[in-house]
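Visitor: Pasting a structure here, questions to come.
The values are calculated or read from the model by the stated rules, or taken from the named source; none is laboratory data. Being a predicted model, the structure only gives us computed values, none of them experimental. Neighbour counts run over all protein chains shown; Cβ positions are idealised from the backbone, glycine included. What goes into the accessible areas is simple: the full protein's heavy atoms, side chains included, and nothing from ligands, DNA or RNA. Shrake-Rupley method; radii C 1.70, N 1.55, O 1.52, S 1.80 Å.
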Amino acid sequence: MKQYIGIDFHRQTSYITRMDKEGNILEQLKVKNRPEELGVFLFKHVEDSKIAIEATGNWYYFYELIEEMKPDVLLAHPLKTRAIASARIKTDKIDSATIAHLLRT
C-alpha cells in the first residue's frame, strides 16, 4: 500500500499527516523533533511511503535523522506551497494534510 506523509516541520515540533492513495487520512499527530519520537514514527512508516516536508531553515536535521532509512523525500517550497494551497484557516494540522494531498496528487 502506497502512503503519502506530509510534514509541517517546525523548530521543536512537527505535525504529521499520513494519507493513503485514495486521499483518506490514516493518521494525524503532533510529535517533538527528537529521534525517539519523530524517528520512531517514520521508521514504522517509511517503507512504501513518499514523504513531503516544507523546505524550512532546519529541514536538513529532519533528513539527517531518517537518511539511513533511505526515504523517498521531497522538499516543498514554502511560498509556492502556500500559493497553491492557500486557505482561510491555516493550522499545522491543515498544512500537513495539504502537503500530503499535494504529494499524493
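Visitor: Could you grab me the full set of residues in region 24-35 that are open to solvent by less than 80 Å² (accessible area, probe 1.4 Å), in a strand (DSSP E or B) and not polar (S, T, N, Q)?
Guide: Matches in region 24-35: 26, 27, 29, 31.
Visitor: Of all residues in region 44-73, how many are more than 15 Å from residue 17 (Cα to Cα) and of a type outside the set (D, E, K, R)? Reasoning before the result, please.
Guide: To start, the set of residues in region 44-73 that are more than 15 Å from residue 17 (Cα to Cα) comprises 47-48, 55-72.
Still in the list and also of a type outside the set (D, E, K, R): 55-63, 65-66, 69, 71.
Qualifying residue count for the region: 13.
Visitor: Cβ contacts < 7 Å: first residue at positive phi, restricted to region 6-25; second residue outside any strand (DSSP E or B) and exposed (fewer than 15 other Cβ atoms within 10 Å of the Cβ), any location; separation 6+ or different chain. Result?
Guide: Hits for this filter: zero, empty list.
Visitor: A follow-up question, please. Please work out if residue 21 is loosely packed, with under 15 Cβ neighbours inside 10 Å, within 11 Å of residue 96 (Cβ to Cβ), touching a helix residue (DSSP H, G or I) at 6+ places or on another chain (Cβ under 8 Å) and not hydrophobic (A, V, I, L, M, F, W, C). Outline the logic, then answer.
Guide: Numbers: loosely packed, with under 15 Cβ neighbours inside 10 Å: yes; within 11 Å of residue 96 (Cβ to Cβ): no; touching a helix residue (DSSP H, G or I) at 6+ places or on another chain (Cβ under 8 Å): yes; not hydrophobic (A, V, I, L, M, F, W, C): yes.
So residue 21 does not fit the description; no.
Visitor: Among the residues of region 52-105 satisfying the criterion of being in a strand (DSSP E or B) and of a type in the set (A, V, I, L, M, F, W, C), which is modelled with the highest pLDDT?
Guide: Top of the filtered list is 52.
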